[in-house]
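**Student:** I'd like to ask you about the structure that follows.
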Amino acid sequence: MIKSIFYSRFHPGKGHYSPQSVSDGNHPAPITPPLPPTSPPPTSPPLFDFETVSEYIIPKQELCDRLVTVCTNKYRVLGYPVCLEDRKYERNEFIFNFAIVLDEGVEYSTYKSVVRKVAKLFKALEEQSGFLSNEVTAVGVFALIEQVLEDLNNYSECMIPINESNTINIKLFPTYAPPPQVKAFHVPVCTVQLENLMDVNWDLTMQKIVPFIDGINSVRRISELADADYNLTRKCIEHLLYYGCLVMVDVFQFGAIYACTAEISILVQDPSLQEECQAYVSYSSPRTPFPFLLQLYTSLTQGLTLKKWCMENATKLKGIDVRRFISFGIVKGFLYRSHKYPVPAEEKVDKASPLAKYLDGGHHFDEICTDLQASEKEVIGMFEGRDVQIVHR
Amino acid sequence: MTMFHVVFVLNPPELEYHSRTQEMFDYVVKRFARALKYEQAKDGYVWREAEKIVRLKDKANHEGTSFADLSKDILDQSSLAYAISRIYIDISQSKIAHVFLNNSLGLSLQMPIITEISVMPSITEPQVPGLPLTTANSFGDDDAEEDNMLAKHFTLLFLEDVDGILKDIAAEATESSASLARFVEACKPTMSFLQISNSCGIPLHEIQVMARHLVHWRKARAIPPIHQRDTYIVSPNADLRRLHALIPIYKALFPTIQSLPKLLTFLSGKPKPFSTFIPSRAHRPAYLEILAFLIRHGLVTQLRNFAWLRVTKQIKRAVAAEERRMKKSPADPPLNSQSQEKEKEREKELAKMTSSISSLLSHNNDSDSEGEYEDSIILEPHQASSIESSWLEMMTRDQPPDIKALFERIIKYLNGQHAIEKIAVREGVARKDVRRVLGAFDGFVIYARHW
């Protein structure tokens, strides 16, 4: 949320001078220095003291034409001062700055491009037609920045015509964290209806693989079934992960071991999550009451394979889809998969053998089986001759 | 000189920009600048050093010495330059920077690091591997403890060798060094602060202050005391890549015990109390030391029990039936001559029942007397509503009075937020009594085991 946008320029007579400022409806106007007589006088305390930071709003030439950010009084002032040199100006230069005021702690990377764009636009306007230095047209700046503030805060985008030949087009794009690496043994689960969003203009590999993303196939399997290159498939999945269309789970197998995490208490305290769980997990009409599901979830423990657990709890599992039961827990974070890692019993490892690279403690059986396209039994057989311990974690 | 400015140049990643700059400013820049301001005000230290550096630069300019030689000279001769370089090198590596200014002011600076996590990293949110995983809150979660004091039922696990720490303490001899050294020697990860205080005579408050000091300077971590009756598992966040480096260290410390990977394999099976892995009573101290070693390196974490109370259909039906009976015959004369107190008690019960009946009727859509009930969980037994209290009362009805009394005491821990292991310690009750009580309510308790 932008708190305020203001336009300031260097006035040869009055020094630093902020003729136009607009604030978000709920917040007081920011400036203390003299305003032109047409603006309403500030009725509430300013957001920050302009004098203390005026050197960074209207700085010396060296700091111009770059993004300058100042934090003051718990506010962040993002500005892009521009300096135009021309003999027609008094003192041969015209310095101005359109600055945005935000709360200090707010994530502001999207606003950097906004400030840059606005500054470049007005620089072009000033160079072409003296838009800002001409007192007549400069009056319109107030209405303009007011409109920009309203639109960006309400719609995250704005498209405002300035005159017949110029418009301000701004859109705020959120910054997402870079996605973690996707591995061959990860299983993507869709959280949006990709088929509905997709159209013929999408990337070819993406179009090929989307039908196979069903929450059961691993990335490797998807690339095989779709007959697409594995690396391209992986990149597509990473893109979908970046935009939040997918979550990742592990390969479902009855030899796997699952256990509760500390997040199970969140499930117990949230009735809507419990409803969701009951709906997702039961496949026949009398829905299993939540405490029975909780009992089942908490009976999963380290060292107990899913197969054994199913056998022990066969009667209690009537009407419950085990695969959905497990994947609900993994996706919501209150179950975790306990993987098996082969580690050498002694520190020395025979570097020559092809399996040596898997013995550094960073690769679990899911990964090894997917890479070698072998079953767990076969892989254990391969480790036979060596002194290898299997650690679950 | 009217103004000086220590400038730190950072390039943090986009999404962490503000938090990183704020942290650097709060913990390093502000403190360093303040120290320099003090020294400058005292005897013009900063100006002297600045002049010294400028003179060295001029000299180098004249004599044409190389930049490498010049920087070496400056670092040798100017303590301010050296301090700045120390801060740069150490803070960039997330270590503690110790600087010594003007031959008189020693300053230690560090950025706070995350020492443990309670949420396990998932496939899509990877975190630093090897961080200890636990929900044990070392500052205690009730208001009995003062702010910022480590809970008295915790203890310290040293992250460096005790000998090294004692040497460091001896090197910086201050008035409190003696008691600090005594505390460090007396401190064992199997005894809580309270027990250490009782055994070696240092007052508890002093111990808590010293412990907090040691934790702040990254010499130790606060953990619940380790015990062979507790259950430990291989930590889901263990960094197995480090095993390679740890195996020789382990072998040097514990040459006669089985190898590290083998031990971890034993701990990988179904969780059992640690005592099942100890071959004999004589091995116990060595194995507890091994456990401390494993926890210190984040390979192993304690598996704790958390419990919720579950109300079954039968209980709900029984309570509803009883209420209906009460409602139908409120004017029945007492069966035998009863004293006034009993009468009052009955009235109170009746009042409670009628209010819970009305709440039941308003909740249930089928006000049919044979209404269907579903099992449910009581989220906060300590603050039970009236209907929940009547369910609880029905659950405890047939139990002997001592079990009932103990149950009342521990009921506040049965909301899934408190580890059962700490009930015995907090309430001063024997573990087997707690087990007995919880055993009596076996059908009504759901346990979850996690860290």
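The values are calculated or read from the model by the stated rules, or taken from the named source; none is laboratory data. Keep in mind the model is a prediction, meaning the values are calculated, not measured. Positions of Cβ are backbone-derived with ideal geometry, glycine not excepted, and every protein chain shown enters the neighbour counts. We work out accessible area using only protein heavy atoms, side chains counted, and drop any ligands, DNA or RNA first. Shrake-Rupley method; radii C 1.70, N 1.55, O 1.52, S 1.80 Å.
**Student:** Dimensions of region B:231-298 along principal axes (Cα, Å, largest first)?
**Tutor:** 32, 27, 18
**Student:** May I ask you to give the average projected area over all directions of the convex hull of the Cα atoms of region A:340-392, in nm² rounded to one decimal?
**Tutor:** Numbers: hull surface 13.1 nm².
Average of the hull's projected areas for region A:340-392 equals 3.3 nm².
**Student:** When the solvent-accessible surface of protein heavy atoms is calculated with a 1.4 angstrom probe, in what order do B:Asp168, B:Asp26 fall, highest first? Let's see the in-between values first.
**Tutor:** On the way: B:Asp168 75, B:Asp26 50 Å².
Order by accessible area, largest first: B:Asp168, B:Asp26.
**Student:** On the full set of protein chains, 1.4 Å probe, figure out the accessible area of A:Ser375 and give it in Å² to the nearest 10.
**Tutor:** 50
**Student:** I'd like the accessible area for B:Val434: 1.4 Å probe, protein heavy atoms, all chains in place, Å² to the nearest 10.
**Tutor:** 10
**Student:** Considering the dipole of region B:211-335 built from charges on the beta carbon (Lys and Arg +1, Asp and Glu -1) around the Cα centre, which of B:His297, B:Gln314, B:Pro285 is farthest to its positive end?
**Tutor:** Final value for the positive-end residue is B:Gln314.
**Student:** Follow-up question, since we're still on this one. Output the relative contact order of region A:187-249, whole-number percent, from Cα pairs under 8 angstrom with separation of 6+ residues. Write down the numbers at each step before the final one.
**Tutor:** Details: 72 pairs, mean separation 30.5, N = 63.
Averaging sequence separation for qualifying contacts and normalising by length gives 48 percent for region A:187-249.
**Student:** If you don't mind, there's one more thing I want to ask. Taking the Cα atoms only, what angle lies between the long axis of helix A:140-155 and the longest principal axis of chain A, rounded to 10 degrees?
**Tutor:** 10
**Student:** Using the crude model of +1 on Lys and Arg Cβ and -1 on Asp and Glu Cβ, and no other charge, please compute the dipole size for region B:9-51 relative to its Cα centre, in debye to 20. Display every interim value, and only then the final one.
**Tutor:** Details: 7 positive and 8 negative charges, 43 e Å.
In debye, rounded to 20, region B:9-51 gives about 200.
**Student:** Continuing with this model, one more query. Compute the long axis of helix B:386-396 from its Cα atoms, compare it with the longest principal axis of the Cα atoms of chain B, and write down the angle in degrees, 0 to 90, nearest 10.
**Tutor:** The two axes meet at around 80 degrees.
**Student:** Let's test the formula: R0 of 25 Å, r as the Cβ-Cβ distance of A:Glu85 and A:Arg116. What FRET efficiency results, to the nearest 0.05?
**Tutor:** Numbers: r = 20 Å, r/R0 = 0.80.
Computed FRET efficiency for A:Glu85 and A:Arg116 comes out at 0.80.
**Student:** Right, something else. Tilt of helix A:109-129 relative to the longest C-alpha principal axis of chain A, in degrees (0 to 90, nearest 10)?
**Tutor:** Compared with the principal axis, the helix lies near 30 degrees.
**Student:** Binned at 5 Å from 0, what are the whole-percent values of the Cα-Cα distance distribution for region A:64-204, short to long?
**Tutor:** The calculated distribution, bin by bin, is 2, 7, 14, 16, 16, 12, 9, 8, 7, 5, 3, 2, 1, 0.
**Student:** Here is a follow-up. Can you list the residues of region A:322-348 whose accessible area drops by at least 20 Å² going from the chain on its own to the full set of protein chains, with a 1.4 Å probe?
**Tutor:** SASA drop of 20 Å² or more in region A:322-348: A:Tyr336, A:Val343, A:Ala345, A:Glu346, A:Glu347.
**Student:** At a temperature of 10 °C and a viscosity of 1.306 mPa s, determine how fast chain B diffuses translationally according to Stokes-Einstein, using the Kirkwood radius over alpha-carbon pairs as Rh; express D in µm²/s, rounded to the nearest whole number. Could the numbers behind the result be given before it?
**Tutor:** Numbers: Rh = 27.7 Å.
The calculation lands on 57 µm²/s.
**Student:** What accessible area, in Å² to the nearest ten, does a 1.4 Å probe give for A:Phe173?
**Tutor:** 130
**Student:** Also, quick follow-up: What lysines does B:Lys251 reach when the alpha-carbon gap must be under 20 Å and sequence neighbours fewer than 8 apart in one chain are set aside?
**Tutor:** Output for B:Lys251: A:Lys348, B:Lys262.
**Student:** Shifting gears a bit: Would you be so kind as to identify which of B:Tyr17, A:Phe94, A:Ile216 lies farthest towards the positive end of the dipole of the protein assembly as shown, taking Lys and Arg as +1 and Asp and Glu as -1 on Cβ and the Cα centre as origin?
**Tutor:** Selected residue: A:Ile216.
**Student:** Would you list which lysines come within 23 Å of A:Lys3, measuring only between C-alpha atoms, while excluding same-chain residues fewer than 8 positions from it?
**Tutor:** A:Lys74, A:Lys112, A:Lys117, A:Lys120, A:Lys171
**Student:** A follow-up question, please. For an R0 of 22 angstrom, estimate the FRET efficiency from the Cβ-Cβ distance between B:Val119 and B:Arg242 and round to the nearest 0.05. Mind dumping the intermediate values first?
**Tutor:** Details: r = 21 Å, r/R0 = 0.97.
Rounded to the nearest 0.05, the efficiency is 0.55.
**Student:** Could you tell me the relative contact order of chain B? Use alpha-carbon pairs under 8 Å, at least six residues apart, and round to a whole percent.
**Tutor:** Working: 469 pairs, mean separation 58.4, N = 451.
For chain B, the relative contact order is 13 percent.
**Student:** Per DSSP H run of at least 4 residues, take -39500 (n - 2.57); add these up for the protein assembly as shown, divide by its residues and hand me the 222 nm value, nearest 500 deg cm²/dmol. Don't skip to the end; give the middle numbers.
**Tutor:** Working: 33 runs with 355 residues, N = 844.
After summing the helix terms and dividing by residue count, I get -12500 deg cm²/dmol.
**Student:** Per residue, how much space in cubic angstrom lies within the convex hull of the C-alpha atoms of region A:257-338? Walk me through the numbers before you get to the answer.
**Tutor:** Numbers: hull volume 6.4 nm³, N = 82.
Per-residue hull volume (Cα only) is 78 Å³.
**Student:** Roughly how big is chain B's charge dipole about its Cα centre, with Cβ charges of +1 (Lys, Arg) and -1 (Asp, Glu), in debye to the nearest 20? Mind showing how you got there, number by number?
**Tutor:** Numbers: 57 positive and 57 negative charges, 248 e Å.
I would put it at about 1200 debye.
**Student:** For chain A, build the charge dipole from Cβ charges (+1 Lys, Arg; -1 Asp, Glu) around the Cα centre, then report which of A:Thr288, A:Gln274, A:Gly79 sits farthest towards its positive end.
**Tutor:** Checked the options; the winner is A:Thr288.
**Student:** Let me ask another. Let's test this: bin the Cα-Cα distances of region A:187-249 at 10 Å from zero up to the farthest pair and state each bin's percent.
**Tutor:** 24, 64, 12
**Student:** A follow-up question, please. So what are the ³J(HN,Hα) numbers for region A:195-208, from phi and the Karplus equation (6.51, -1.76, 1.60; θ = phi - 60°), rounded to whole Hz, Gly and Pro as x?
**Tutor:** Computed from phi, the couplings for region A:195-208 are 4, 5, 7, 7, 9, 5, 7, 6, 4, 4, 4, 4, 4, 6 Hz.
**Student:** Using just the alpha carbons, could you tell me how many Å³ per residue the convex hull of region B:14-109 encloses? Mind dumping the intermediate values first?
**Tutor:** Values: hull volume 11.1 nm³, N = 96.
In region B:14-109, the Cα hull volume divided by residue count equals 116 Å³.
**Student:** Let's see if you can work this out: charge +1 on each Lys and Arg Cβ, -1 on each Asp and Glu Cβ, no other charges. What is the dipole magnitude of the protein assembly as shown about its Cα centre, in debye to the nearest 20?
**Tutor:** Values: 95 positive and 104 negative charges, 469 e Å.
The dipole of the protein assembly as shown has a size of about 2260 debye.
**Student:** A further question on this structure: For region A:358-373, what does the Karplus curve 6.51 cos²θ - 1.76 cosθ + 1.60, with θ = phi - 60°, yield as ³J(HN,Hα) per residue in whole Hz, taken in order and with x for Gly and Pro?
**Tutor:** Values per residue, Gly and Pro as x: 8, 9, 8, x, x, 10, 9, 4, 4, 5, 5, 5, 5, 5, 8, 6 Hz.
**Student:** For A:Lys60, which aspartates and glutamates qualify as cross-link partners when the Cα separation must be under 18 Å and same-chain residues fewer than eight apart are set aside?
**Tutor:** Output for A:Lys60: A:Glu51, A:Glu85, A:Asp86, A:Glu90, A:Glu93.
**Student:** Something else: By the 4.7 Å beta carbon criterion, which cysteine residues of chain A come out unpaired?
**Tutor:** Cysteines of chain A left without a disulfide-compatible partner: A:Cys71, A:Cys158, A:Cys190, A:Cys236, A:Cys245, A:Cys260, A:Cys277, A:Cys310, A:Cys369.
**Student:** Find the Rg to Rh ratio for chain A, where Rh is the Kirkwood radius over alpha-carbon pairs and Rg uses the same atoms. Don't skip to the answer; put the middle values down first.
**Tutor:** Numbers: Rg = 30.7 Å, Rh = 26.5 Å.
My calculation puts Rg/Rh at 1.16.
**Student:** Report the Rg/Rh value for the protein assembly as shown, based on alpha-carbon coordinates and the Kirkwood definition of Rh. Kindly include the intermediate steps, with their values, before the conclusion.
**Tutor:** Values: Rg = 34.4 Å, Rh = 33.5 Å.
Rounded to two decimals, Rg/Rh equals 1.03.
**Student:** Same structure again: Percent relative contact order of region A:340-392, based on C-alpha pairs within less than 8 angstrom and at least six residues apart?
**Tutor:** Values: 51 pairs, mean separation 28.9, N = 53.
Once divided by the residue count of region A:340-392, the mean separation gives 54 percent.
**Student:** Which whole-Hz ³J(HN,Hα) couplings does region B:19-34 yield from phi under the Karplus relation 6.51 cos²θ - 1.76 cosθ + 1.60, θ = phi - 60°, glycine and proline marked x?
**Tutor:** Along region B:19-34, the couplings run 5, 5, 5, 4, 4, 4, 5, 5, 8, 10, 5, 4, 5, 5, 4, 5 Hz.
**Student:** Any idea how far the Cα center of region A:357-393 sits from the one of region B:223-285, in Å?
**Tutor:** Taking the Cα centre of each part, region A:357-393 and region B:223-285 sit 22 Å apart.
**Student:** Are there chymotrypsin sites (Phe, Trp or Tyr not before Pro) in region B:236-307 that DSSP puts in a loop and that have at most 14 other Cβ atoms within 10 Å, and which ones?
**Tutor:** Working: sites: B:Tyr250, B:Phe266, B:Phe274, B:Phe277, B:Tyr287, B:Phe293, B:Phe306; in loops: none.
The qualifying sites: there are none.
**Student:** Given the pairs A:Lys332/B:Lys219; A:Lys332/B:Lys432; A:Lys183/A:Lys332; A:Lys308/B:Lys432; B:Lys72/B:Lys219; A:Lys307/B:Lys272, which span a C-alpha to C-alpha distance of over 25 angstrom in this model?
**Tutor:** Details: A:Lys332/B:Lys219 36 Å; A:Lys332/B:Lys432 36 Å; A:Lys183/A:Lys332 20 Å; A:Lys308/B:Lys432 31 Å; B:Lys72/B:Lys219 32 Å; A:Lys307/B:Lys272 21 Å.
Going by Cα-Cα distance, A:Lys332/B:Lys219; A:Lys332/B:Lys432; A:Lys308/B:Lys432; B:Lys72/B:Lys219 fall outside the 25 Å limit.
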